Amino acid sequence: MSDPVTAALEAFTKGAIQKMEESEARRDRDFSYKLKELEFYKSNYDKEIKSLFDDWFNFLQNALLSTNKYLSLEEQKKYKKAVAEASKPETVVKRTIKTMKYGGTETGKTLALVNQITIISEADDECPFFAKQYAVCMLLSTLKKEILGQEITPITMMQILTNDYIKCAELINEGRCYVEEKRAELFPDEQMI
């Protein structure tokens, strides 16, 4: 016959081991659940981020093509229609909210600048021709840096996207200076990024 103390210790040990095994199984289930949840959100997050970049790059592409002198009037008209569609209030608000949702502080500031430049360009004939496009490139540059960790300057984007950059360099620089001036007015205590 075994001694009651030994029996009690064995029962306690068995109980402790069983509790540890149950606890480990629960942690494994919780970890598995969290991993599945993370994969779900990551796949949706990746789709949303791709959609956000697609929206802004498509907007920029259509804006540039709508004024491209090498395209026929019919082709320009098609791109102007796409810009008009992308400029509808409900589309703008949706794109703006999605941008705020994924962007950080600098993205928010640049988005505010894009909105101001857009309003000014629609109401003011004095707004430089490339100001709006440059502002969108600035936003895309900021988004790429904050979200993807990739760096590309707005002027590099304009150089890539403008077929006859050398001929347009002065106009693009005028738009860049205008945008940077408006940014300084909007955020007077900050330096340009």
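The values are calculated or read from the model by the stated rules, or taken from the named source; none is laboratory data. Values in this document were obtained by computation on a predicted structure and should not be read as measured data. Note that each Cβ is placed from the backbone with ideal geometry, even for glycine, and that neighbours are counted across all protein chains shown. Keep in mind that these areas ignore ligands, DNA and RNA; they rest on the heavy atoms of the full protein, side chains included. Shrake-Rupley method; radii C 1.70, N 1.55, O 1.52, S 1.80 Å.
Per this entry, I152 is counted among residues that are outside any helix (DSSP H, G or I), touching a helix residue (DSSP H, G or I) at 6+ places or on another chain (Cβ under 8 Å) and open to solvent by 20 Å² or more (accessible area, probe 1.4 Å). Scan the stretch 160-174 and tell me whether some residue there is open to solvent by 50 Å² or more (accessible area, probe 1.4 Å), over 16 Å from A63 (Cβ atoms) and touching a residue at least 40 places away in the same chain (Cβ under 8 Å). The answer is yes, given that some residue of the stretch 160-174 is open to solvent by 50 Å² or more (accessible area, probe 1.4 Å), over 16 Å from A63 (Cβ atoms) and touching a residue at least 40 places away in the same chain (Cβ under 8 Å). Residues that are open to solvent by less than 90 Å² (accessible area, probe 1.4 Å) and either modelled with pLDDT of 85 or more or not in a helix (DSSP H, G or I) (or both) within the stretch 31-51 comprise E48, I49, S51, listed in sequence order.
Answer yes if at least one residue in the stretch 100-122 is within 27 Å of I49 (Cβ to Cβ), among the hydroxyl-bearing types (S, T, Y), surrounded by 18 or more Cβ atoms within 10 Å (Cβ to Cβ) and touching an Asp or Glu at 6+ places or on another chain (Cβ under 9 Å), and no otherwise. Yes, there is a match, as at least one residue in the stretch 100-122 is within 27 Å of I49 (Cβ to Cβ), among the hydroxyl-bearing types (S, T, Y), surrounded by 18 or more Cβ atoms within 10 Å (Cβ to Cβ) and touching an Asp or Glu at 6+ places or on another chain (Cβ under 9 Å).
The set of residues in the stretch 158-193 that are charged (D, E, K, R), assigned to a helix (DSSP H, G or I) and over 17 Å from S141 (Cα atoms) comprises K167, E170, E174, E181, K182, E185. The set of residues from the stretch 62-100 being assigned to a helix (DSSP H, G or I) and in contact (Cβ under 8 Å) with a residue 40 or more places away in the chain comprises A63, L64, R95, K98, T99. Within the stretch 134-149, being among the small types (G, A, S) and surrounded by fewer than 17 Cβ atoms within 10 Å (Cβ to Cβ) holds for one residue alone: G149.
Against the condition under 25 Å from K94 (Cβ atoms) and charged (D, E, K, R), how does K14 come out, does it pass? So K14 fails the test. Of the residues in the stretch 52-67, at least one is open to solvent by 40 Å² or more (accessible area, probe 1.4 Å), aliphatic (A, V, I, L, M) and under 30 Å from P128 (Cβ atoms).
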